[in-house]
Structure formats: structure tokens, C-alpha cells
Amino acid sequence: MKVGRTSPNLDWGRIAEWTACIVEGDLAPIGKIFNQAGADAPEALWNPTADQMTAPPLRFLINHWHGLARGGVLPYLREIDPLALRPALGYLMLLDAVDGGLDFRYRLYGSIIAEISKLEMTGKLLSEHPASSYTTEFGIAASRAALCRRAALYTTRKPMMAEVTSQWQRVALPLVDDSGVAVRLLAGTVAIGLDGRMISG
């Protein structure tokens, strides 16, 4: 399948530009588009520590990922054990790079996130996400950036006119194949409620 064929409304040129912006840590151009749409600008933090994240599942994931990264080498795909990730189950996502990372396919879409968002994305492309185009473009760009920079990326954004959630928090953690190429993301996503607490489904 040709990337983008199912999502003609996405601006793939802008996704490429935003990827470079995130890699460089400059989200001003991205924030401008979000603001024009009436949304708050998203935020991104490279190489976050557990203390910089408030949601327990994300704190667990970053610590687990660091524990698998030995000697500065990124964790391997085969080292991911679902049983060892039990504290984050329901909030986990696995995304496989498609066409060298132009797009991503959800190998796993957390059950709690699916319940909150009323979406089931397992097996589907990230570009097929029904969110607003600029939100999906940011999601693809952030995923590309994490693979490109081969580093952990923590992002937050506030949804518009949401009845339940005040913020989405996400950490993307690259995984490599046997040749050392980053080809998959282990990600965790949590929704923060209007009361400031994590929504547990």
C-alpha cells in the first residue's frame, strides 16, 4: 500500500518539515498551526526522566526501556516481554515503521486508550487515525523524529472541546532490529482527566 493513499487530507510535506522541527527541538512552527486551529501548542521533551512524567505507566515504561538499553545500545525488538510490561498494559502501543518510517502501523493499540478514545487502531496505519489532520500529522512527525534521533521522546497535547480529557501524554521509545536499525516504537499513552488525574478506563 502506498503511504498516504488512505489519508489524502494529510499534508505529507508539512509532516516532513515538522519531523525536522521536532528533531531540532523547535516546535514554534507546529504551535502556530495548532493555534490557528484554536488549539494549544503541543510540547515535546527529548530524553525525559521518570521524574519529569507524572503518569505511573509512562514512568514505568521509561525506566524499563532504560533498563534494556545496555552500553548505550537501544533495546532490541526481541527483548520486549509483554509479561514484564504488566504495569503499563492497557496504555501500551507498538508501532512498526512502514516504508522506512514514512508512516507507522499499530501492532498493538492499548485497550484502555481504545476505550477512552472509542477507537481500535490495532492493525491500522497511524495516518488512518480519524483525529484532526494537524493532530495526526504531529503524531506521525513525532514518531518519525523518535526513530530518526534514536531517543526517547515525551509529548503532551491538549485536545479541543474534549468532554473527558484535558491532556494526552505520550512517550515514544525506539527499538532496533538485529542489524541495529530503529524499526519499531514502544509507546505509552495516557489521558489526563478534567480533574487532573490519569484516566484508568
Q) L94 fails exactly one of the following numbered conditions: (1) in contact with a Lys or Arg (Cβ under 6 Å, 6 or more places away or on another chain); (2) outside any strand (DSSP E or B). What is the number of that condition? A) (2)
Q: Examine the range 66-73 for a residue that is open to solvent by 40 Å² or more (accessible area, probe 1.4 Å), at negative phi and assigned to a loop (DSSP other than H, G, I, E, B), and state whether such a residue exists.
A: yes
(Q) Pairs please, first residue from the range 22-36 and in a loop (DSSP other than H, G, I, E, B), second anywhere and at pLDDT 95 or above and surrounded by 11 or more Cβ atoms within 10 Å (Cβ to Cβ), Cβ atoms under 8 Å, 6+ apart in sequence or on different chains. (A) G25/A44; G25/W46; L27/C21; L27/A41; L27/P42; L27/E43; L27/A44
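The rows are residues; the columns are (1) in contact (Cβ under 8 Å) with a residue 24 or more places away in the chain; (2) in contact with a Phe, Trp or Tyr (Cβ under 7 Å, 6 or more places away or on another chain); (3) surrounded by 15 or more Cβ atoms within 10 Å (Cβ to Cβ); (4) not in a helix (DSSP H, G or I).
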site	(1), (2), (3), (4)
A146	yes, no, yes, no
A151	yes, yes, yes, yes
T155	yes, no, yes, yes
E163	no, no, no, yes
Q | Every residue from the range 136-181 that is among the hydroxyl-bearing types (S, T, Y), over 17 Å from D99 (Cβ atoms) and at pLDDT 95 or above | A | Y154, T155, T156
Q) Looking at the range 43-65, which of its residues are part of a helix (DSSP H, G or I) and hydroxyl-bearing (S, T, Y)? A) none
Q. Is it the case that the range 173-196 has a residue that's farther than 19 Å from I22 by Cβ, in a strand (DSSP E or B) and within 12 Å of the chain's Cα centre (by Cα)?
A. yes
Q. From the set of residues in the range 123-152 that are in contact with a helix residue (DSSP H, G or I) (Cβ under 8 Å, 6 or more places away or on another chain) and of a type in the set (V, I, T), which is farthest from E17 (Cα to Cα)?
A. T136
Q. Given the conditions (1) touching a residue at least 24 places away in the same chain (Cβ under 8 Å); (2) of a type in the set (A, V, I, L, M, F, W, C); (3) closer than 22 Å to D178 by Cα, which single one is not true for A69?
A. (1)
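The values are calculated or read from the model by the stated rules, or taken from the named source; none is laboratory data. What you are looking at is a predicted structure, and each value in this text was computed from that prediction instead of being measured. Glycine also receives a Cβ, built like all others from the backbone with ideal geometry; neighbour counts cover every protein chain displayed. For accessibility, only protein heavy atoms count, side chains too; no ligands or nucleic acids. Shrake-Rupley method; radii C 1.70, N 1.55, O 1.52, S 1.80 Å.
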